[in-house]
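Down below is the structure, laid out as structure tokens.
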Amino acid sequence: MDVSIRQATANDFEALCELFEDVEALHREALPHVFRKPEGRGWIQEAVAAATTGDDAVIFVAESAGRAVGLVHASIGYAPDLPIVVPRRYVMIHDLVVGKDFRRAGIGRALVERVHEWALARDVAEVELNVWEFNKPALALYKEMGYETVRRRMSKRLK
């Protein structure tokens with residue numbers, strides 16, 4: 001499969017919505033007590049606007065045969081200057097999405113590697129992300145790529 005990766009533009013909005021909505025459904029199915037279907041596409045519109053007009057956020061799109069088959073959304077974050085925290089810049093991957101029919105083809109890995117390049121070009125040497133425990137394929141990908149768990153958030157449902 002021939003796949004190219006490029007930076008998203010505002011013209012990609014509809015294709016990005018389809019991909020974001022696909023990953024939203026995955027999360028709702030796995031954790032319906034946590035995730036719900038959003039009303040409208042406002043949050044996607046805000047993410048696309050920030051990533052296509054500023055320097056501190058980006059969305060990369062993976063395309064195959066002219067069709068958007070994946071995306072990664074990332075931005076530069078800043079750790080606060082607190083007495084116990086070293087102030088630093090890092091890149092946060094907010095979303096990594098590969099369309100159902102295109103998974104297990106190296107697209108997710110290529111998108112994350114493109115974020116690594118983007119980070120290094122901005123003199124940022126660390127990339128962070130959050131991943132839900134149910135998402136075993138994503139966990140496996142990140143582990144294969146050298147990501148390590150540095151913090152764990154746990155929960156317990158009481159009802």
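Every number in this text was worked out from the coordinates using simple rules, so none of it is lab data. Note that the structure is a prediction, hence the values are computed from the model and not measured. Cβ: placed from backbone, ideal geometry, glycine included. Neighbour counts: every protein chain shown.
Annotations
- Sequence-distant contacts, meaning Cα pairs under 8 Å at least 6 residues apart, place the relative contact order of region 4-144 at 21 percent.
- Computed over the chain, the ratio Rg/Rh where both radii use C-alpha atoms and Rh is Kirkwood: 0.96
- If R0 equals 25 Å, the separation of the Cβ atoms of K37 and D81 corresponds to a calculated FRET efficiency of about 0.05.
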